[in-house]
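Below is one structure; the comments refer to it alone.
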Protein chains: 2
Amino acid sequence: MSSKCAECVFKSKAASKLTFEQLGHLAENCASVTLKKGSVLMQQGALSSNIAYLKKGLAKIHIKGPYHEQIIKIIKAPEYLGLPNTFGDKINNYSATVLEDSEVCFIDIDTFKYLLANNEKFAYEIILSLCNNELGSFKKCATRTQKQIRGNVADVLLDMSNRVYDSDDFEIPISREEIANLIDKSRESVSRVLSEFEKDGILKISGKKIEILDKEKLKLIFETG
Amino acid sequence: MSSKCAECVFKSKAASKLTFEQLGHLAENCASVTLKKGSVLMQQGALSSNIAYLKKGLAKIHIKGPYHEQIIKIIKAPEYLGLPNTFGDKINNYSATVLEDSEVCFIDIDTFKYLLANNEKFAYEIILSLCNNELGSFKKCATRTQKQIRGNVADVLLDMSNRVYDSDDFEIPISREEIANLIDKSRESVSRVLSEFEKDGILKISGKKIEILDKEKLKLIFETG
DNA sequence: TTTAATTTGTGAAATATATCACAAAATTAT
DNA sequence: ATAATTTTGTGATATATTTCACAAATTAAA
């Protein structure tokens, strides 16, 4: 029996609840892949056949809207992707694309179901993470729609700084257009706001490189909308 | 041992997976309540202590936004409410209020956890419903933000007609202001669109009573935004 | 390296929706 | 039943954001 999952450095909190035997079973039914930036790991419309575990890297969840592509959220490893796709419907309801070179494990759906059914602690961790996802989407719902563009751009920048990179100086992994799709605004408006923030000394921008110079001011903009 | 849950006519799909003993245990640790229209069954900010099962009736999930109350979704029985509240955080992240006289079971959180841990089919059903919730919020995310007000109002009306009342002739359970909060638009704009729809012969409106006269046209408006 | 393609920034004009204001209608309380 | 309160409809005006247009800058391809 393989012990590669047992030894995995990127083991999820849920997987750490599995027995050695269960980890062996998992190892035999999952495939680890290194994906290049821009690779689609889950395609909207395709048959949903696997759970994906983003071991390392960054991904976006996106969905085809009536007019343009809508980015639902940016996901930082480690996290399971595609549970709603696999359990919610026969075909994928959304796509997932990696934003930087990433490592992903594709887990056979029946194996995943077997683990859910045979290890209540594993199932419980999965339930916890689904609940947290739902809370997150509720919050997003309330902030994204009730703030105007400056507040939303500030939100994205703070999220990148705090959650994704843990630094005030980072290279944003998405284009201006993608920022716009994330906050439901036009590319041009996002550009303008970014320029404005730079003019006001809040940011230092050089292409995709962004440095937050005045985080307090940015927070204030986020809070006041 | 009480058999009231075993005999419950409104038993959830998840609960139907429970053994007779487990249903007895559930019956001893849950309280069924009849709530009058407008009652808050879960208050944002309060300690999350129970799972609520909306047995019969209709409820809204809402959250305090930076400026006004945001309605996240309208929930029709039967459905569990508050799982993300109870599992995601110590305090409630959102409120739930019934929109018509409803019946709700409050289930002790430890009992719920016990059932999750001891009945994998129950847990699996809960996972399924959480996944479906997430898919729903993704879809909402894409439609609500990419359509303008006519498309959004059409969406709400079609949802009421198809999912909630299964009829083209219904009394809408929320005020114009609440419709506005649901689609992130102003009350006045919602009023105007409703009047416009009536003028165009799509609806017949009399206060909260709404009759859809031309559903095809309404669908078209929904689809074309 | 040069060319082609894509991404980005910015002004001016167009537009959808919000806000303000107030009266009419409907609901609730007395 | 009457008064008080809340909800609703609608016009006029204000405003944030989009759209269009095009040049500059960046990135990818030949």
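The values are calculated or read from the model by the stated rules, or taken from the named source; none is laboratory data. Everything quoted here is computed from the prediction, not taken from an experiment. In this analysis, Cβ positions are derived from the backbone assuming ideal geometry, glycine residues included, and neighbour counts consider all displayed protein chains. We work out accessible area using only protein heavy atoms, side chains counted, and drop any ligands, DNA or RNA first. Shrake-Rupley method; radii C 1.70, N 1.55, O 1.52, S 1.80 Å.
A single entry from B:GLU188, B:GLU216, B:GLU223, B:GLU178 fulfils the requirement of being acidic (Asp, Glu), farther than 30 Å from A:TYR94 by Cα and out of contact with any Phe, Trp or Tyr (no Cβ under 7 Å at 6 or more places or on another chain): B:GLU188. Taken as a whole, the condition of being in contact with a helix residue (DSSP H, G or I) (Cβ under 8 Å, 6 or more places away or on another chain), away from chain B (no Cβ under 14 Å) and either more than 11 Å from DNA strand C (Cβ to nearest atom) or among the β-branched types (Val, Ile, Thr) (or both) applies to A:LYS215. From the set of residues in the range B:83-96 that are over 17 Å from A:ALA142 (Cβ atoms) and touching a residue at least 12 places away in the same chain (Cβ under 8 Å), which is nearest to the other protein chains (Cβ to nearest Cβ)? Residue satisfying both the conditions and the ranking: B:LEU83.
Within the range B:181-190, the set of residues being more than 9 Å from DNA strand C (Cβ to nearest atom) and either open to solvent by 50 Å² or more (accessible area, probe 1.4 Å) or polar (S, T, N, Q) (or both) comprises B:ASN181 only. Screening B:GLY201, B:GLY151 for residues that are more than 20 Å from the chain's Cα centre (by Cα), closer than 30 Å to A:LEU81 by Cβ and at pLDDT 95 or above leaves exactly one candidate, B:GLY151. Total residues in the range A:100-136 satisfying the condition of being within 11 Å of another protein chain (Cβ to nearest Cβ) and either in contact (Cβ under 8 Å) with a residue 40 or more places away in the chain or under 19 Å from B:ASN118 (Cα atoms) (or both): the figure is 20.
For the range B:66-79, the set of residues classified as open to solvent by 20 Å² or more (accessible area, probe 1.4 Å), within 11 Å of another protein chain (Cβ to nearest Cβ) and not basic (Lys, Arg) consists of B:PRO66, B:TYR67, B:HIS68, B:GLU69, listed by residue number.
Each residue in the range B:197-222 was checked for being open to solvent by 40 Å² or more (accessible area, probe 1.4 Å) and touching a residue at least 12 places away in the same chain (Cβ under 8 Å), and 10 pass. Pull up the range B:1-38, narrow it to residues that are open to solvent by less than 30 Å² (accessible area, probe 1.4 Å) and among the polar types (S, T, N, Q), then point me to the one that is farthest from the chain's Cα centre (by Cα). Going through the qualifying residues, I end up with B:GLN22.
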